Amino acid sequence: MKTTTKSTPATATAPALRAVHLPKIGEAWPDEGGVFAGLLKGEDGDYAVIVPLDPAADVAPAPWKEAIAAAGKFSTPQHQDYAAATRGELALCFHNVPGLFKKDWYWSASPSAGYASYAWSQSFLNGFQYDHLKGLKLRARAVRRVKI
């Protein structure tokens, strides 16, 4: 699906609006490198979360540092900007596209704010999030972030 934009003319009281056409949640978005999982609000504006279908984007269980690094190295010929999913992105994926993940625990790229030796994880068995000791071996998943 190709992204298209359309502008609405500005009026004296309202600025011009830009329409963005996104695929439906859970649909492939080949131009962006995977499946559209949904939108999140980021520090630099809203963005789409894209989950690649390539099995190499799903990292085998490893301690946090190694799993997050491996997810960050995933790339395709079209896109080299994949990164390990954050806590919020994994929650979005559990809600919107759980079938793209193994029924297992996944590390997030989000460390625990309270304890340096812990990081957040997401269960795709039951939806729980938990801060696990970073030495535990869990999966990780690469995603893309596309600014909207």
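Laid out as a table, the results:
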quantity	calculated
Residue in segment 87-102 that is in contact (Cβ under 8 Å) with a residue 24 or more places away in the chain and part of a strand (DSSP E or B) present	no
Selection count where residues are more than 14 Å from the chain's Cα centre (by Cα) and within 16 Å of F94 (Cβ to Cβ), scope segment 111-123	2
Residue in segment 110-126 that is open to solvent by 30 Å² or more (accessible area, probe 1.4 Å), in contact (Cβ under 8 Å) with a residue 40 or more places away in the chain and either assigned to a loop (DSSP other than H, G, I, E, B) or touching an Asp or Glu at 6+ places or on another chain (Cβ under 8 Å) (or both) present	no
Which listed residue, of Q78, Q129, is among the polar types (S, T, N, Q) and closer than 21 Å to V35 by Cβ	Q78
Subset of segment 44-67 (residues that are within 13 Å of the chain's Cα centre (by Cα), surrounded by 18 or more Cβ atoms within 10 Å (Cβ to Cβ) and among the aliphatic types (A, V, I, L, M))	A48, V49, I50, V51, A57
Residue within segment 67-82 that is out of contact with any strand residue (DSSP E or B) (no Cβ under 7 Å at 6 or more places or on another chain), farther than 23 Å from P111 by Cβ and part of a helix (DSSP H, G or I) present	no
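The values are calculated or read from the model by the stated rules, or taken from the named source; none is laboratory data. Because the structure is a prediction, the values reported are computed rather than measured. All Cβ positions, even for glycine, are placed from backbone atoms using ideal geometry, and neighbour counts span all protein chains on display. Please note that ligands, DNA and RNA were not included when accessible areas were found on the heavy atoms of the full protein model with its side chains. Shrake-Rupley method; radii C 1.70, N 1.55, O 1.52, S 1.80 Å.
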